[in-house]
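Notes for the one structure printed next.
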Amino acid sequence: MHRIFSQWASPVHFYRLTGRMIPWLWAATLLLLAVGLFGGLVLAPPDYQQGEAYRIIFVHVPSAWMAMFVYMSMAVSAAISLIWRIKLADIWAKVSAPLGASFTALALLTGSLWGKPMWGTWWVWDARITSVVILLFLYIGYMALRAAIEDRRTASRASAILILVGVVNVPIIHYSVIWWNTLHQGPTITRLDAPAIHVSMLIPLLVMALAFMLYYLTVGLMRARSEVLDQERNSRWVTELVREEAR
Amino acid sequence: MTSRTSDLSEAAPLTVLDVFVAVLRRDVLIACRRSSEFVNPLMFFVIIVVLFPLALGSDPVQLRAVAPGVIWVAALLAVVLSLETIFRGDFEDGSLEQLLLSPFPTSVLVLAKIAAHWLVSGLPLLIISPLLGILLNLPAHVLPVLMFSLLLGTPVLSLLGAIGVALTVGLRRGGVLMPLLLLPLYVPVLIFGTGVLHSAVSGMPVAAHFYAMAALLSLAIGLAPLASAAALRVSLG
């Protein structure tokens, strides 16, 4: 089992395999994005309360889900890289961080754009918004630590520990923020998930979520490929590859 | 030290507790001899709190409303500033490596160092806090609550902080990085620490907050030394 895994996780194999996968992944991502956006922006009916402005959820909700998902995927990769010393797992954690931070920022931005017409204000110190902001800080801290350590091995292991400490803390932070919020102000804002969502809105939402997931996978793999090339730049297969490309 | 090593062979073997106490005593002693190490963060704490009335105006009602937040944010910053001393000096003179080579579990030794750090940097904050509470017009019955909240909260700051220092101790300029890594992790302590004071000021029961803080503390005591020990091993290669 371990042998198969480490063979698959060998940089050469990874590079070759993902090179063949990426065009297909891009095609699937773009197709799902087109279907999801068409379903969400054109086919789905306007909301009876929120009118057309609710349509931003087709971007907002998937990015909020991805903000969480990417962090979890980084934590799993960090654990794998710490325990089995698999280089690719560390590379995956590294390349995921800026993507996760972007999804988090996008979730905050779209939430803010939605909040202005709905709540009449760009920003509310709501429990969920606040914990997403803190999640963004966790991403930034991870990237800052990674950038600060020059030695690659130390950087990968130190940042893996940080992300695991963070993942223990995320639920604690989340629930403490909920506690803080209920203590300070009553829930004056009806949340997005209060009304049950109609199936004509749910399907495009799920398609968009899948498109975002594929986008993360595709761009993550592309970034991982260039990271592999960078880390293996002194090895023979990379030299041969460059020679082939030059021909 | 050398005179004692000869006795050791005949005396009972060292237990983990002996080593824990020895590390604790050594660190407290070193800190006491370099008093600026713990006086400076304390002064920083006081100055930050004194700045707020100057910035916000001296209205007593307003000061009472912001006092919990001001004191806790100042405590967070003061602790972050003082954290470097947990491992930095030992890293520079090489004794940290000796600590890692010891046959005793690193996490226990790290816990001793964290406890020493709390004694010299968390405890002074707690002792001076009633004074700051009075400056910010907190009612007298809230002052014990303030002290007790700091008693439960500041050890968590030291415990989590040790992980941050352990991760950055090998870096030449780790100082700017530390608040960035640690302050998001300090959010729960800040929330419960200020929450309990707000409850106490408005005459509501405080027990639930204290239970939550005690839970955070026990979780941190259990897990943070393990994480710091792992981080130290990474930083020292």
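Read-outs: derived from the displayed coordinates by stated rules, not from any lab. Every value quoted in this text rests on a predicted model; they were computed, and no experiment measured them. Cβ sites come from the backbone with ideal geometry, for glycine too, and all protein chains shown count toward neighbours.
Per residue, how big is the convex hull around the C-alpha atoms of chain B? Give it to me in cubic angstrom, could you? Each step should come with its number before you reach the end.
Working: hull volume 30.9 nm³, N = 237.
Output value, Cα hull per residue: 130 Å³.
Can you tell me how chain A classifies by the Cα gyration tensor, rounded, prolate or oblate, using a/c under 1.5 as the rounded cut? Numbers along the way, then the final one.
Numbers: a/c = 2.74, a/b = 1.54, b/c = 1.78.
Oblate is the answer for chain A, as a/c is 1.5 or above yet b/c matches or exceeds a/b.
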Study note, to complete from the structure: With -39,500 (n - 2.57) per DSSP H segment of 4 or more residues and division by the full residue count of chain A, the 222 nm estimate, nearest 500 deg cm²/dmol, is -28000 deg cm²/dmol
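Any chance you could run the full-extension gain for B:S218 through B:I30? It's 0.36 nm times the residue separation minus the Cα-Cα distance, nm to one decimal.
Gain in length upon complete extension: 64.9 nm.
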Point to revise | Average beta-carbon neighbours from other chains, 10 Å sphere, peptide B:227-233 | key: 3
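For chain B, which span is the longest to avoid every loop-located (per DSSP) member of trypsin sites (Lys or Arg not before Pro) having at most 15 other Cβ atoms inside 10 Å? Walk me through the numbers on the way to the answer.
Values: sites that count: B:R34, B:R172, B:R173.
Longest stretch, sites excluded: B:35-171.
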Check your understanding: For region B:1-137, what D do you get in µm² per second when you plug the Kirkwood radius from alpha-carbon pairs into Stokes-Einstein at 25 °C and 0.890 mPa s?
Key -> 143 µm²/s
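For region B:16-157, what does the relative contact order come out to in percent, with C-alpha contacts under 8 Å and a separation of six or more?
Numbers: 110 pairs, mean separation 53.3, N = 142.
Relative contact order here is 38 percent.
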Practice item. Give, to the nearest whole percent, the P(r) tail of the protein assembly as shown beyond 37 angstrom, counting all Cα pairs. Key: 40 percent
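When all alpha-carbon pairs of region A:5-84 are counted, what percent fall beyond 15 Å? Mind showing how you got there, number by number?
Details: 2343 of 3160 pairs.
Roughly 74 percent, rounded to a whole number.
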Practice item. Identify the residues of region A:144-175 with backbone N under 14 Å of a label point that sits 7 angstrom from the Cα of A:N234 along the Cα-to-Cβ direction, or state none. Key: A:151-153
Review point. Based on the alpha-carbon gyration tensor of region B:145-237 and its eigenvalue square roots a ≥ b ≥ c, which shape applies: rounded if a/c is under 1.5, prolate if not and a/b is larger than b/c, or oblate?
Key: prolate
